[in-house]
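Q: Take a look at this one; I'll ask things after.
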Amino acid sequence: MSIRDSDVQRVREATDLVALIGRRVSLKRVGSRHVGLCPFHTEKTPSFSVNGSEGFYHCFGCKASGDAITFLRETENLDFADAVEQLAAAANIELTYDAPGAQRSNRHRKELLDLLERAARFYHERLMSSPDAGEARAYLRRRGYDRDTVVQWRLGYAPPLWDALCQHLGAPVDLLRKAGLASAEQESDFFRDRVMFPICDASGRVVSFAGRILPRSGEAPPKGPKYKNTAGTAVYDKSKVLYGLHLAKQAARTSERVVVCEGHTDVIGCDLAGVSESVATCGTALTKQHAELLSRSAKRIVLAFDADAAGQTAAERAHQWEREFGLDIFVAALPPGSDPGDLAASNPPALRRALDEAQPLHAFRAERILQRAELDSPTGRDRAADEVAAVFAVYPADVLIDADLEPVARLIPMTVADLRERVESARQRQVERTAPAAGDAYDFPPPPEPEEGYFDDPYPDQNAGDGWDFPEAPSAAARRHTGRSAERSVAAREQALLEAVASADSDAASLIVPQLFSLPEIREAYLRLVGEPDWRDRLNSDVPDRELLAHAAAGASELNEGEALDRAARALHRHVHETIQLIRDGAEIPGAESDPQQSEHERMRLRHGWLVWLRDREAELLDPELQVGAAEAVAEWLRAS
């Protein structure tokens, strides 16, 4: 939304910059200025200067500078509009917006935030003093949370009553639903009989809740999900919010790192163990928006995800934002079967040691590749070496030293020199794939233009550097399976793919699109799986192919969306790799009809073009930034064959 420039200037002029900065920095008056220790970097001698009359600050050490809006944005991790709105509220200035409907939208956001804040107070007061919250208080004490912890994190309790919160707030039920506080189906509370964790944005405003089901002594576990979370609203997008960030920011600046966990109790446990720079994702994988948020607090990011396969896969995918936001990402090795919250409670020194000794992300990814590789065969070792080389190739040559390569080379096994040579080759291939086309790179002319309808192009603009514009995906009329792929049934292949992407988290839908499935009944099953959080409870209802759904439920119950995408992409990668080997061994080009009018020279060019297309897709399926597009292209090719 666009705030009028005149209002922005009024906010700047009305804000007491010395008072604003003085809430965070101890300032001392020196002449017409105030000085103190810079909040943006560690220093012992004050180099941070605030000029209240002119309305700006400057650090002579790290060169940070700006006005009140800049300071609030940098210290509270806010965007421009949020910073202006906070300062305007403090100065009692009503803002006007240029964009149509923005004024109304802003009022609506304020109404929702007010309701959420009042709900947080209701839940917290209920936990602290209500007789019906006795079991909840006992549960939190068993977890090691004392009164100070409960107050600091504003923990609460949602009573089991039908509409206690709705009655307390007294707001229209439609507005309560838009805030995520009322049930969408009935006029009742969305959270009942749960321990409540308020989720705040970077500035500390309550934007949503997570409710944990309350285990009661001597009773069977209640039905329903262990955690129930607010869905997306006008003030809450889980891909842009990190639990605990508003409390972790200052500790992160002191320690110069942020520890990222998966759960709310992990963050609280880390804080109790002395690791106060901890945050958590809110029921989703780490996103680009999360990475940008983290980069404002520290450049060293330590991922402390659960030691299970899903947590480790989620950690592996984070590398795509290292270069974009200038992050140094590390991965903590937690004991098998543990999470940060458990380790914080049972052995705090072990948790701190694991975080301090976290390994660089590229080393962690290389280890993961070798763990699943078939190193007892020459082909498996060769493939593992290529995958490791592709991981290392994204880092500049002067960053990777022999000490980084030696442990990996020893496990493959191969010499460090051979591994470095592979890394250099992989780096060169990446440069060639991203370099602009520079004319004909081959000794023979490009293939002739195909007849209309012979090729389609669902995956454009990926041929830069090949020397020609080779057509992407052959059409259905001109394709057929050959070699090993002919032995696979479409139904069996797509059932395996369905099992790989099926996940309790519906975010999987944004990673693998339903168009990857050609069979209507499987596509419908997929949409049902990712579209309904309680899909497992619906297996007995009238759904297509209940047996398939039951099988998928049994095989995919532990997957998160990151691991699902990884499995699907790797399955497609293996098929593409096998196809390339078959072509190199002299097999017919998949889907290319034999044309007796073609010369040997033309057939050679067509064969080479197909290998270029397949090799590019093979590499992209291992790159998280390109996986989805490559998977769509390969799936299109498989369906049409």
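The values are calculated or read from the model by the stated rules, or taken from the named source; none is laboratory data. Predicted model only: the values in this text are computed from it and were never measured. Note that each Cβ is placed from the backbone with ideal geometry, even for glycine, and that neighbours are counted across all protein chains shown.
Q: Among the residues of region 194-216, is any assigned by TED's automatic domain parsing to the domain that holds E135 and more than 33 Å from the chain's Cα centre (by Cα)? Give the steps one after another, and end with the answer.
A: Taking region 194-216 as the starting set, the residues that turn out to be assigned by TED's automatic domain parsing to the domain that holds E135 are 194-216.
Then keep just the ones that are more than 33 Å from the chain's Cα centre (by Cα); that gives 216.
Yes - at least one qualifying residue is present in region 194-216.
Q: Hey, can you tell me all the residues within region 344-356 that are in contact (Cβ under 8 Å) with a residue 12 or more places away in the chain and farther than 19 Å from K299 by Cβ? Steps first, answer last, please.
A: Of all residues in region 344-356, those in contact (Cβ under 8 Å) with a residue 12 or more places away in the chain come to 344-345, 348, 350-352, 354-355.
Passing the criteria: A344, A345, P348, A350, L351, R352, A354.
Q: Just name the residue that is farthest from the chain's Cα centre (by Cα) out of those in region 132-166 that are among the charged types (D, E, K, R) and closer than 22 Å to L181 by Cβ.
A: Taking region 132-166 and keeping what is among the charged types (D, E, K, R), we get 132, 135, 137, 141-143, 146-148, 154, 163.
Pick out the ones that are also closer than 22 Å to L181 by Cβ and you get 132, 154, 163.
Working: D132: 38, R154: 26, D163: 35 Å.
In this case the residue turns out to be D132.
Q: Go over the candidates K228, K249, K223 one by one and state the one that is under 30 Å from H41 (Cβ atoms), out of contact with any Cys (no Cβ under 6 Å at 6 or more places or on another chain) and not small (G, A, S).
A: Numbers: K228 fails: under 30 Å from H41 (Cβ atoms); K223 fails: under 30 Å from H41 (Cβ atoms).
Step by step, each of K228, K249, K223 is checked, and only K249 is under 30 Å from H41 (Cβ atoms), out of contact with any Cys (no Cβ under 6 Å at 6 or more places or on another chain) and not small (G, A, S).
Q: Further question: Under 6 Å between Cβ atoms, at least 6 apart or on separate chains: pull out the pairs that start in region 203-215 with a residue that is assigned to a loop (DSSP other than H, G, I, E, B) and end on any residue that is of a type in the set (G, A, S) and crowded, with 21+ Cβ neighbours inside 10 Å.
A: Listed by first residue and then by second, the contacts come to L214/A136.
Q: Across region 232-265, what is the number of residues that are among the hydrophobic types (A, V, I, L, M, F, W, C) and farther than 25 Å from L140 by Cα? Walk me through it before giving the result.
A: Here is the first cut: in region 232-265, the residues among the hydrophobic types (A, V, I, L, M, F, W, C) are 234-235, 241-242, 245, 247-248, 251-252, 258-261.
Narrowing further to those that are farther than 25 Å from L140 by Cα: 234-235, 252, 258.
Looking only at that region, the number is 4.
Q: Looking at G31, G22, G66, which is the one that is modelled with pLDDT under 90, closer than 25 Å to K299 by Cα and not assigned by TED's automatic domain parsing to the domain that holds C200? Step through it out loud before you land on a result.
A: On the way: G31 fails: closer than 25 Å to K299 by Cα; G22 fails: closer than 25 Å to K299 by Cα.
Within the list G31, G22, G66, the selection yields G66.
Q: For the subset of region 294-316 comprising residues that are surrounded by fewer than 19 Cβ atoms within 10 Å (Cβ to Cβ) and in a helix (DSSP H, G or I), which member is modelled with the highest pLDDT?
A: If we take residues in region 294-316 being surrounded by fewer than 19 Cβ atoms within 10 Å (Cβ to Cβ) and in a helix (DSSP H, G or I), then S295 is modelled with the highest pLDDT.
Q: So which residues in region 15-25 are free of Cβ contacts under 8 Å to residues at least 40 places away in the same chain and within 15 Å of C59 (Cβ to Cβ), if there are any at all?
A: Going through region 15-25, the residues free of Cβ contacts under 8 Å to residues at least 40 places away in the same chain turn out to be 16, 18-19, 22-23, 25.
Scanning region 15-25 gives a single hit, V25.
Q: Kindly provide the set of residues from region 327-362 that are small (G, A, S), more than 12 Å from A304 (Cα to Cα) and outside any helix (DSSP H, G or I), ordered by number. Please lay out each step first, then the result.
A: Step one: filter region 327-362 for residues small (G, A, S), giving 332-333, 337-338, 341, 344-346, 350, 354, 358.
When the remaining residues are screened for being more than 12 Å from A304 (Cα to Cα), the result is 337, 345-346, 350.
Selection gives G337 alone.
Q: What number goes with the only condition from (1) in the same structural domain as F305 (by TED's automatic domain parsing); (2) free of Cβ contacts under 8 Å to residues at least 40 places away in the same chain; (3) touching a Leu at 6+ places or on another chain (Cβ under 6 Å) that R381 does not pass?
A: Checking R381 against (1) in the same structural domain as F305 (by TED's automatic domain parsing); (2) free of Cβ contacts under 8 Å to residues at least 40 places away in the same chain; (3) touching a Leu at 6+ places or on another chain (Cβ under 6 Å), the one that fails is (1).
Q: Next question, about the same structure. Looking only at region 29-39, count every residue that is closer than 15 Å to F56 by Cβ and surrounded by fewer than 17 Cβ atoms within 10 Å (Cβ to Cβ) and tell me the total.
A: 1
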